[in-house]
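Accompanying notes for the structure given below.
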Amino acid sequence: MTDRLPISRRTVLTAGALGALGTALPLGTAQAAAASDIAPAGAGSGRGLRFRADGTFKVVQFNDTQDDERTDRRTVELMEKVLDQEKPDFVVINGDVITGGCETRLAVKQAINNVVTPMESRRIPWAVTYGNHDEDSLPQSGVDEAGMLKIYRSYEYNVNAESTRGVTGTSNTIVSIGSAARKNREAFTLWLMDSGRYAPGAIDGQDFAGYPTWDWLRMDQVAWYREQSQQLERRRGRKVPGLMFLHIALWEHRFMWWGGVDTRTEADAARGRARHGIVGERNEDECPGPFNSGMFNAILERGDVKGVFVGHDHINDYVGDYYGVMLGYAPGTGFGAYGLDGAERNRMRGGRVFELKEAGDEVTIATRVVYARELGIDLTANDQPMQPLPLGPRQQRI
């Protein structure tokens, strides 16, 4: 992958105020139970997850924490307050965990440690996906994604899988959630996909001038999802519902908003919002790569993934129903990354919450966004870097 940075993605296309899907459910502390028979290929560390006795399970998605070792202190404050309020059973940081500016291996470890400590200190299982910025520090630090994965997996509550040989991307991971009612039986799956960095400089001698310069899911990843989904269905005798998380949006996110492929008027957007039940804000263009991966088509064919949630575009937070599949964003979590213009820079900082409810073989999904502005966090449009949090003994050694 090239280490060149993409052009600016800022636009000022503002939609209506965010609605809410679902309501909060009173849940206790996070849990993790051993479940030896719910570990498909691509599974993480083997730490089993299970729906609670009342049939509930909560996931929090953070996005674009995106900072160096002197992380903006409010990023960590936001994560801690969301975790303490929501008490999730699982957390995903959905890409761009760190960014350029980490000049040494130590700095990379510190930048990572700052934003995973909130989960580790609360004993909440967690995983990451990779975004386009995670290797921005590679030329200075010498730490690539494989090296970062070793750091992530050194933490007690991380469940990222090792990378799968022959499949593009780092740590494409299946997280299985066991049934509360049926021992050793998957009730739900979380698919964590690596959507890549940047488009290559050229393909077949042709550059990408005029096209989006971000990466895309490769066909072997689509085939891997499809094959694992089929194996899971054969093993369990039914399709297991799930959610998919990846950093870079699918083209279908854009199609859904505009209600078409080549449409760009407010009337088109109104049609898209009405048809697909979209709620939330769109403050910049969706930024997929130059090619459509076919992942959405595979998801429609399989019928198990009920939603695809992304980040990458920090100031979008909308969600809608695109032909039976939820497509949505979580807003940027990191205060050190770009946000809205001027004094509103930090208004959109937050995380997305998913409340799952098991009912027989079905699982209902409700989702909403929690914002820093609701949690008493300083939204001043400035930078407030902190000193790195202390590394644990295992992270010091790695």
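The values are calculated or read from the model by the stated rules, or taken from the named source; none is laboratory data. Please read all numbers here as calculations on a predicted model, not as lab measurements. Here the Cβ is made from the backbone with ideal geometry for all residues, glycine too, and neighbour counts use every protein chain on show. For accessibility, only protein heavy atoms count, side chains too; no ligands or nucleic acids. Shrake-Rupley method; radii C 1.70, N 1.55, O 1.52, S 1.80 Å.
Counting only protein heavy atoms and a 1.4 Å probe, tell me what percentage of the chain's accessible area is made up of carbon and sulfur. Please report the intermediate quantities before stating the final value.
Values: 7540 of 15040 Å².
That fraction is 50 percent.
For region 292-342, what does the convex hull of the Cα positions come to per residue, in cubic angstrom?
Once divided by residue count, the hull of region 292-342 is 92 Å³.
Which value in nm describes the separation of the simple spin-label points at Asp262 and Met386, placed 7 Å from the Cα toward the beta carbon?
Inter-label distance under the simple model: 5.0 nm.
Using a ≥ b ≥ c from the Cα gyration tensor of region 78-133 (square roots of the eigenvalues), is it rounded, prolate or oblate, where a/c under 1.5 gives rounded and otherwise the larger of a/b and b/c decides, a/b for prolate?
Values: a/c = 2.44, a/b = 1.81, b/c = 1.35.
Prolate.
Compactness ratio of region 87-183: Cα Rg over 2.2 N^0.38 Å, N = residue count? Spell out each step's value before the answer.
Values: Rg = 14.3 Å, N = 97, 2.2 N^0.38 = 12.5 Å.
With N residues counted in region 87-183, Rg over 2.2 N^0.38 Å equals 1.14.
What ³J(HN,Hα) values, in whole Hz, does the Karplus curve 6.51 cos²θ - 1.76 cosθ + 1.60 give for region 330-338 when θ = phi - 60°, with x put for Gly and Pro?
My calculation for region 330-338 gives 9, x, x, 8, x, 6, x, 9, 5 Hz in order.
Determine the shape class of region 181-255: with a ≥ b ≥ c the square roots of the Cα gyration tensor eigenvalues, call it rounded for a/c under 1.5, and otherwise prolate if a/b is greater than b/c, oblate otherwise. Let's see the in-between values first.
Working: a/c = 3.69, a/b = 2.62, b/c = 1.41.
Prolate, since a/c reaches 1.5 and a/b exceeds b/c.
Roughly how compact is region 253-398, stated as its Cα Rg over 2.2 N^0.38 Å to two decimals? List each step's numbers first, then the result.
Values: Rg = 18.3 Å, N = 146, 2.2 N^0.38 = 14.6 Å.
Dividing the Cα Rg of region 253-398 by 2.2 N^0.38 Å gives 1.25.
Just tell me the longest site-free run in the chain, where the sites are chymotrypsin sites (Phe, Trp or Tyr not before Pro) in a DSSP loop having at most 16 other beta-carbon atoms within 10 Å.
Working: sites that count: Phe208, Phe291, Tyr323, Tyr338.
Answer from the scan: 1-207.
Taking the highest mean first, how do the peptides 116-125, 259-268 order by number of other beta carbon atoms within 10 angstrom per residue?
On the way: 116-125: 18.9, 259-268: 11.7.
My ranking of the peptides, most packed first, is 116-125, 259-268.
When the C-alpha atoms of region 188-339 are aligned to their principal axes, what extent does each axis show, in angstrom, from largest down?
Computed over region 188-339, the largest-to-smallest principal extents equal 45, 43, 34 Å.
For region 257-317 and region 186-205, what is the separation of their C-alpha centers, rounded to whole Å?
Distance between centres, Cα-based: 17 Å.
At 25 °C and 0.890 mPa s, what whole-number value in µm²/s does Stokes-Einstein give for the translational diffusion of region 187-227, with Rh from the Kirkwood sum over Cα pairs?
On the way: Rh = 12.3 Å.
Answer from the Stokes-Einstein relation: 199 µm²/s.
Quick check for me: using +1 on Lys/Arg Cβ and -1 on Asp/Glu Cβ, what's the dipole size of region 87-216 about its Cα centre, in debye to the nearest 20?
On the way: 12 positive and 16 negative charges, 180 e Å.
Using only the charged Cβ atoms, the result is roughly 860 debye.
Would you mind classifying the chain by shape? Square roots of the alpha carbon gyration tensor eigenvalues, ordered a ≥ b ≥ c; an a/c under 1.5 is rounded, otherwise it is prolate if a/b is larger than b/c and oblate if not. Could the numbers behind the result be given before it?
On the way: a/c = 1.20, a/b = 1.05, b/c = 1.14.
Here the chain falls in the rounded category.
What full-extension length gain, to one decimal in nm, is calculated for Asp361 and Lys239 as 0.36 nm per residue of separation minus the Cα-Cα distance?
Working: separation 122, 0.36 × 122 = 43.92 nm, distance 0.93 nm.
Length gained between Asp361 and Lys239: 43.0 nm.
Mind checking the per residue accessible area of the chain for me, 1.4 Å probe, whole number of Å²? Walk me through the numbers on the way to the answer.
Details: 15040 Å² over 398 residues.
Normalised by residue count, the accessible surface of the chain is 38 Å².
How big is the Kirkwood radius of region 124-274, worked out from every pair of different alpha carbons and given in Å to one decimal? Walk me through the numbers before you get to the answer.
On the way: mean 1/r = 0.0553 Å⁻¹.
It works out to 18.1 Å.
Return the long-range amide H neighbours of Leu49 (sequence gap of 5 or more, or a different chain), with a cut-off of under 5 Å between placed amide H atoms.
Amide H neighbours of Leu49: Ala33, Gly178.
Per DSSP helix of 4 or more residues, -39500 (n - 2.57); summed, then divided by the residues of the chain. What does that give at 222 nm, rounded to the nearest 500? Present the calculation step by step, with values, prior to reporting the outcome.
Values: 9 runs with 93 residues, N = 398.
Estimated from H runs of four or more residues: -7000 deg cm²/dmol.
For region 272-356, which GluC sites (Glu not before Pro) are in a loop by DSSP, counting at most 16 other Cβ atoms within 10 Å?
Working: sites: Glu281, Glu284, Glu286, Glu301, Glu344, Glu355; in loops: Glu281, Glu284, Glu286.
Hits after loop and neighbour filter: nothing returned.
Restricting to lysines 8 or more places apart or on different chains, can you count the pairs in the chain with Cα atoms under 21 Å from each other?
Total qualifying Lys-Lys pairs in the chain comes to 13.
Tell me, what is the 1.4 Å probe accessible area of Ser163, in Å² to the nearest 10?
60
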